[in-house]
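Heads up: the structure comes next, in structure tokens.
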Amino acid sequence: MRVQAKWPTRRGLVPKQILLSLLLVFLAPVLSWSQQSPEKKRAGVPEELQVPIFLKILTYDRSLEKRVEDTIRIGVLYFPDTPRSRKNKDAFVENLELNKNKTVNGVPFSFTEIRFVTKERLDQVTGEGRINVLYVTSGGSNLRKSISKITQAKKILTITGRADYVTRGISIGLAVKEERPEIVVNLRSARAEGSDLSASLLRLCRVIDQG
């Protein structure tokens, strides 16, 4: 049975209390992260922060309801020949598991690991798994065009912990700015993948390629 979730429909100006609550949600974990060493900060936003941030971001995709059934299906794409990709995948999956009791506007999520073999196989697996969101791990920058072609055709939102991937076609990524996580959005890619990100979210992001 399809879950009828209350997806955000706010447009235009955002009341101050809503904007403040968004800031608190996105930045609350930063206090503990700020105590980490400079080396860890330079490594990027850790997966333990990526997962809750991305789950909150999904609540502000106004078209996601149309693309899901009773569960939001998240695929975690990794590249088996790349050690950093496997490490990124393991950490992201571990933190998805830790957050598995959370919902996106009342809709639960599931996740599955997707091992990249060929672009044809990726096309097949994402279709069979009815993937709605695809997390792209480190190590696949040279495959961005192939990945984007598939996700845009299937209306799968792409996310990543790498900000540089966003400039190369992935829709939403995370960067570090002034020792805080920064959300980076490729608006052209997000729209091509069928997403309709609310203005209240975009005000908190660095938006590139508005199309």
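The values are calculated or read from the model by the stated rules, or taken from the named source; none is laboratory data. Values in this document were obtained by computation on a predicted structure and should not be read as measured data. We place every Cβ from the backbone using ideal geometry, glycine too, and count neighbours over all the protein chains shown.
Tally the residues that are over 20 Å from Ser63 (Cβ atoms), among the basic types (Lys, Arg) and either touching a residue at least 60 places away in the same chain (Cβ under 8 Å) or assigned to a loop (DSSP other than H, G, I, E, B) (or both), restricting the search to region 145-166.
Residues that pass the stated criteria total 1.
Test each condition in (1) buried (at least 21 other Cβ atoms within 10 Å of the Cβ); (2) over 13 Å from Thr137 (Cα atoms) for Lys102 and report the one that comes out false.
Failed condition: (1).
Tell me which residues, restricted to region 167-207, are touching a residue at least 40 places away in the same chain (Cβ under 8 Å), touching a Leu at 6+ places or on another chain (Cβ under 9 Å), buried (at least 16 other Cβ atoms within 10 Å of the Cβ) and over 17 Å from Gln152 (Cβ atoms).
The answer is Leu174, Pro181, Ile183, Ser200, Leu201, Leu204.
Pairs needed: first member in region 106-123, touching a residue at least 60 places away in the same chain (Cβ under 8 Å); second member anywhere, assigned to a loop (DSSP other than H, G, I, E, B) and surrounded by 19 or more Cβ atoms within 10 Å (Cβ to Cβ); C-beta distance under 7 Å; at least 6 residues apart or different chains.
Val107/Val68
Across region 178-194, what is the total count of residues that are part of a loop (DSSP other than H, G, I, E, B) and under 15 Å from Lys149 (Cα atoms)?
Selection size over region 178-194: 2.
Of a type in the set (A, V, I, L, M, F, W, C), part of a helix (DSSP H, G or I), modelled with pLDDT of 95 or more and surrounded by 14 or more Cβ atoms within 10 Å (Cβ to Cβ): is that true of Phe111 in this structure?
In short, no.
Go over the candidates Leu77, Leu96 one by one and state the one that is in a helix (DSSP H, G or I) and of a type outside the set (Lys, Arg). Working first, answer last.
On the way: Leu77 fails: in a helix (DSSP H, G or I).
That would be Leu96, the only listed residue that is in a helix (DSSP H, G or I) and of a type outside the set (Lys, Arg).
Confirm whether Leu143 is among the aliphatic types (A, V, I, L, M) and at pLDDT 95 or above.
In short, no.
Write out, first by first residue and then by second, each pair whose Cβ atoms fall under 8 Å of each other, whose residues are 6+ apart or on separate chains, and whose first residue, in region 57-68, is without any contact (Cβ under 8 Å) to a residue 12 or more places away in the chain and among the aromatic types (Phe, Trp, Tyr) while the second is surrounded by 17 or more Cβ atoms within 10 Å (Cβ to Cβ) and assigned to a loop (DSSP other than H, G, I, E, B).
Partner pairs satisfying both residue conditions: none exist.
Which one of Gly127, Gly139, Gly173, Gly169 is closer than 22 Å to Lys87 by Cα, of a type outside the set (A, V, I, L, M), in contact with a Lys or Arg (Cβ under 8 Å, 6 or more places away or on another chain) and not in a strand (DSSP E or B)?
Going through Gly127, Gly139, Gly173, Gly169 in turn, the sole match is Gly139.
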